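Enquirer: Have a look at this one before I ask anything.
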Amino acid sequence: MAEKIRMAMLGCGGMSGAHTRGLKTLWENDVKMFDVIAACDIVEERAAGRAKEVEGFQGTTPNVYTDVMEMLDKEPDLDAVDICSLHSAHHTLAVACLEAGKHVIIEKPLAITMRTGRLILDAARRNNATLAVAENYRRSRSHRAVKWAVRRGMIGKPRIFFWQDVGEHLGTWGWRDSKADAGAGWILDGGVHFTDLFRYHLGTEAQEVFAMSKAYMPYRYEKPDTMEGRVDVTVEDTTFAIIKFEGDVIVQWTTCRAAPGRGFGGQVIHGSEGSIDMGGNLSTRKKTMNGEELQKLFMESISEHEKEKLFPSGIADTVAIELKDFADAILNGNKPEVDGVEGFKDQAICMAVFESSCLNQPVIVSDIENCKIENYQKEINDDLGV
């Protein structure tokens, strides 16, 4: 492999902008591990725009493509591909790149269904390729500190994890309003970040899920302030879920984007000795500590080597950090922190929510991972022919 990882950006819409900024942050901190040589999107203007942004800090302009197979054919020296497409295209793009022998980092969720996710995992294994899922939330200093505090027993044994996010969202959201394109509503799109944090902070795996999911507002508006330009929506906006984790831990997960008026939310882990929220604010029977104090303690407790691994060159941009982790995995032959299997397990909890609601009964998470329960996902799989 060349001194730098020769990478392509595949899917140049909104989230690829965050990846471009992450690459720029790495470059500006003299972490020049990537050479972006191609940008590909079905809309040529988007690909050209990303290529121009990369040129601004890299100094060289990536070649622009509108077809992934053409890109793979004309760029045989590619080492890796960064995929930021809509969910329904994840498996087709990732499998094509993996079968071409390229390493892949792919935006969350891993795939639009569990079955298509397995296609990606299998392709990575067959080709001995590095597969990473772009799961960046856990990489913030605050979440690193929360995990550290929980592992040190600062709240005792974890018992209950409350995650509540209730409010109203009236604006349209493009392809994310379509089940065929997104796979499900916010509980999958944004929720997979949260399931990753459940697993990360608790350090155990989900076993069983019982949930109810609703579409109280099967429409949104192009002009939300005046409720004009109504657009039909085919994904859910409300979910109530109880998730049983190993170690007798319960997660209560509520998300609602159809609640006008007073919104509320909070994310708190309660243990046998106290509680901690996702900002790192800790409260026990004997003391309280705010997030800044906890982060200071955490940073003082880890070695310089650990600091450099978690926050390379002192970088705070979590997308930049995940890209650096991907590069390290390729160059050193080790597993990225959030590999395909981790991303698959994160997604399985989300899909268990929808399958439970569809069946109106609890479901075993391992049955979701093994594709034994696919009622909710069936129409997507059928449409995709998988």
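Enquirer: Apply the Debye scattering formula to region 1-121, with a single equal point scatterer on each alpha-carbon and no solvent, then give log10 I(q)/I(0) at q = 0.09, 0.15, 0.16, 0.23 Å⁻¹.
Expert: So the normalised log intensities work out to -0.22, -0.61, -0.70, -1.39.
Enquirer: In addition: With the dipole of region 27-105 worked out from charges on the C-beta (+1 for Lys and Arg, -1 for Asp and Glu) around the Cα centre, which of His91, Val31, Val64 lies farthest toward the positive end?
Expert: His91
Enquirer: Just to be sure I understand the curve: with the Debye formula and one point per C-alpha of region 188-332, what is log10 I(q)/I(0) at q = 0.14, 0.16, 0.17 Å⁻¹?
Expert: -0.99, -1.13, -1.18
Enquirer: Ok, one more. Show Trp253, Trp27 ordered by accessible area, largest first, where the area counts protein heavy atoms only and the probe is 1.4 Å.
Expert: Ranking Trp253, Trp27 by accessible area, largest first, yields Trp27, Trp253.
Enquirer: Compute the separation of the alpha-carbon centres of region 129-171 and region 38-77 and state it in Å as a whole number.
Expert: Taking the Cα centre of region 38-77 as reference, the centre of region 129-171 is 34 Å away.
Enquirer: Students often get this wrong, so check it: of Lys335/Lys372; Lys214/Lys378; Lys179/Lys335; Lys147/Lys286; Lys24/Lys307; Lys102/Lys324, which have C-alpha atoms separated by over 23 Å?
Expert: Lys335/Lys372; Lys179/Lys335, as the Cα separations exceed 23 Å there.
Enquirer: Next up: Can you give me the C-alpha center-to-center distance between region 237-284 and region 182-196, rounded to a whole angstrom?
Expert: One Cα centre to the other: 16 Å.
Enquirer: Helix check for the chain. Which DSSP H runs span at least 24 Å along their own axis by Cα, with a mean Kyte-Doolittle hydropathy no less than -1.0?
Expert: Details: long enough: 340-359 (27 Å, 0.62).
Span-like helices in the chain: 340-359.
Enquirer: Kindly report, to the nearest 10 Å², the accessible surface of Ser88 as traced by a 1.4 Å probe over protein heavy atoms only.
Expert: 20
Enquirer: Counting only helical runs of four or more DSSP H residues, what would the 222 nm mean residue ellipticity of the chain come to if each run contributes -39,500 (n - 2.57) and the total is spread over all its residues?
Expert: The helix-only estimate for the chain comes to -12000 deg cm²/dmol at 222 nm.
Enquirer: Report for the chain the percent antiparallel among DSSP-assigned beta bridges with both residues inside it, nearest 5. Mind dumping the intermediate values first?
Expert: Working: 40 of 69 bridges.
DSSP beta bridges in the chain are roughly 60 percent antiparallel.
Enquirer: Using 7 Å Cα-to-Cβ label points, what is the Thr234/Asn334 separation (nm, one decimal)?
Expert: Result: 4.4 nm between the two label points.
Enquirer: Beta carbons within 10 angstrom, averaged per residue: use that to sort the peptides 244-250, 198-204, 135-141, 186-192, highest first.
Expert: Top of the packing list down: 186-192, 135-141, 198-204, 244-250.
Enquirer: Can you give the FRET efficiency for Ala316 and Thr92, using 1/(1 + (r/R0)^6), R0 = 41 Å, r = Cβ-Cβ distance, to the nearest 0.05?
Expert: Working: r = 34 Å, r/R0 = 0.83.
Result of the calculation: an efficiency of 0.75.
Enquirer: Quickly work out the Lys4-to-His193 label distance, labels modelled 7 Å from Cα along the C-beta direction, and quote it in nm with one decimal.
Expert: Spacing of the two 7 Å Cα→Cβ label points: 2.9 nm.
Enquirer: In debye to the nearest 20, how big a dipole does region 1-77 give about its Cα centre with +1 on each Lys and Arg Cβ and -1 on each Asp and Glu Cβ?
Expert: 280
Enquirer: Next question, about the same structure. In region 246-289, which residues have a backbone nitrogen under 16 Å from the label point lying 7 Å from Leu170's Cα in the Cα-to-Cβ direction?
Expert: 257-263
Enquirer: On to the next question. What dipole magnitude, in Debye to the nearest 20, does region 59-102 give about its Cα centre under +1 on Lys/Arg Cβ and -1 on Asp/Glu Cβ?
Expert: It works out to roughly 120 debye.
Enquirer: In debye, nearest 20, what is the charge dipole magnitude of region 199-245 about its Cα centre with +1 on Lys and Arg Cβ and -1 on Asp and Glu Cβ, if you could check?
Expert: Details: 6 positive and 8 negative charges, 27 e Å.
In total the dipole reaches around 120 debye.
The values are calculated or read from the model by the stated rules, or taken from the named source; none is laboratory data. What you see is a predicted model, and the numbers here were worked out from it, not measured in a lab. Here Cβ is always computed from backbone atoms with ideal geometry, including for glycine, and neighbour counts include all displayed protein chains. These accessible areas exclude ligands, DNA and RNA; they are computed on the full protein's heavy atoms, side chains included. Shrake-Rupley method; radii C 1.70, N 1.55, O 1.52, S 1.80 Å.
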